[in-house]
Amino acid sequence: MHEFSTMYSIVQTVLEAAKERGADKVLEINLEIGRLTFLNPEQLEFAFKVISEGTIAEGAKLKIRSVEPKVRCLKCGYIGSGIYEGPEYHTLGLPLPVKCERCGSMKVEFLEGRECKIKNISIWVKRECSLKAKPKNKENEP
Ligand SMILES: [Zn+2]
């Protein structure tokens, strides 16, 4: 159910951003989800459908990009994907068991792979039609 709470806050953020820009519809949402979040893309999509129902984000295309883990070892300085040694889920608040590929140290800093962010959204604004209909400045024309 981690996917539902995550998607709920994503949809709230998207709706706020869309409303600020006067959107009538959200067309597309691009997400970047790190593999170490253990969020299931299919479950995220399902959650999105349920949560966005009846909002301006309903029917929007959800694009999810998986981000591979990247860690820096605090002991030897090596940067790599690290070796994950835990189960295929994660309990929030607990440190992730990831060790350095080179020296095996568990003291690593996470550079990538734990993100869950909205890269960008595409919105449709009805109002833009009237802006485009503004008369052109003809002064520069022959
Ligand atoms: Zn190391």
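Here's the yes/no breakdown for (1) under 25 Å from Phe38 (Cα atoms); (2) away from the ligand (no atom under 16 Å from the Cβ); (3) modelled with pLDDT under 65:
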site	(1), (2), (3)
Ile79	yes, no, no
Tyr84	yes, no, no
Pro87	yes, yes, no
Leu96	yes, no, no
Glu112	yes, yes, no
Asn120	yes, yes, no
Cys129	no, yes, yes
Pro135	no, yes, yes
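Every residue, every condition in (1) among the hydrophobic types (A, V, I, L, M, F, W, C); (2) without any contact (Cβ under 8 Å) to a residue 24 or more places away in the chain; (3) closer than 30 Å to Ser105 by Cβ, yes or no:
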residue: Thr13; (1), (2), (3): no, no, no
residue: Arg21; (1), (2), (3): no, no, no
residue: Ile33; (1), (2), (3): yes, no, yes
residue: Ala47; (1), (2), (3): yes, no, no
residue: Ile56; (1), (2), (3): yes, no, no
residue: Glu68; (1), (2), (3): no, no, yes
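Residues in the range 53-100 that are on the phi < 0 side of the Ramachandran plot, surrounded by 16 or more Cβ atoms within 10 Å (Cβ to Cβ), in contact with a Gly (Cβ under 9 Å, 6 or more places away or on another chain) and assigned to a loop (DSSP other than H, G, I, E, B): Pro69, Leu96, Cys100.
The values are calculated or read from the model by the stated rules, or taken from the named source; none is laboratory data. Everything numeric here is computed off the predicted structure, so don't read it as measured data. Quick reminder, even Gly has a Cβ in these numbers, built from the backbone with ideal geometry, and neighbours come from all protein chains shown.
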